[in-house]
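Structure record follows, encoded as structure tokens.
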Amino acid sequence: MMGRERLALYPGSFDPFTLGHLNIVERALRLFDAVDIMVTVNSEKSALLSPEVRCNLIRQCTVGMEAVSVTAFQGLVVDYARRRGATALVRGLRQVKDFDTEMQMAFANRRMHGELETVFLGTLPEHSMISSSLVREILRWGGDVKPFVPLQVAVALTCRHEKTT
Ligand code: PNS
């Protein structure tokens, strides 16, 4: 059957991109024709990496995944979704504490764009305790971030940390 390409958006701060994020991308690719990873600038969070560096690292981590694109984005996800004709918005759910804020965001997005489905993917148990803020904290005190992020990100973060200390 010929049909419209099913594009999923995967928005997030990705500061930095973790193994949990990578797994969500891999699984979203099984459900959709293409996945656009949207690196959004969130003013409430103190950024470790610039959006450009985050995008470049994600591109390195997704080399060979033809159906993946990476876009730096500022604004409302629903506006971008309309422009791109996206089918769904993908979010990973780690623990119960994610649920409230994620449902609230999904509700707001549905009110603004009724055709855009939010699809929640439960993270793998081994990724359920990983967060970008945890990685930033470990890095700040010179800890080893390799168990939590793709190798390319670990190398970049470690070099960066060594330069700044
Ligand atoms: O994974 P994060 O860092 O918690 O991601 C939050 C993010 C970037 C998905 C969220 O802040 C977002 O969607 N920002 C863009 C503005 C928007 O569309 N907000 C949702 C409706 S209120």
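No lab work stands behind these numbers, since they all come straight from the coordinates. Note that this is a predicted model, so its numbers are computed, not measured. A quick note on method: Cβ atoms are made from the backbone with ideal geometry, for glycine too, and the neighbour counts reach across all protein chains shown.
Counting only alpha carbon atoms, the long axis of helix 51-61 and the longest principal axis of the chain meet at about 90°.
Extension gain, ARG59-LEU134: 0.36 nm per intervening residue step, less the Cα-Cα distance, totals 24.8 nm. For the peptides 5-12, 81-88, the ranking by packing is 5-12, 81-88, with the highest mean count of neighbouring Cβ atoms within 10 Å listed first.
Across the range 27-33, computed HN-Hα scalar couplings (Karplus, 6.51 cos²θ - 1.76 cosθ + 1.60, θ = phi - 60°) run 6, 5, 5, 6, 9, 10, 6 Hz from first to last residue, x flagging Gly and Pro. Qualifying chymotrypsin sites (Phe, Trp or Tyr not before Pro) in the range 93-165, where qualification requires a DSSP coil assignment and no more than 16 other C-beta atoms within 10 Å, comprise TRP141. Between TRP141 and SER69, the FRET efficiency from the beta-carbon distance, with R0 = 30 Å, is close to 0.30.
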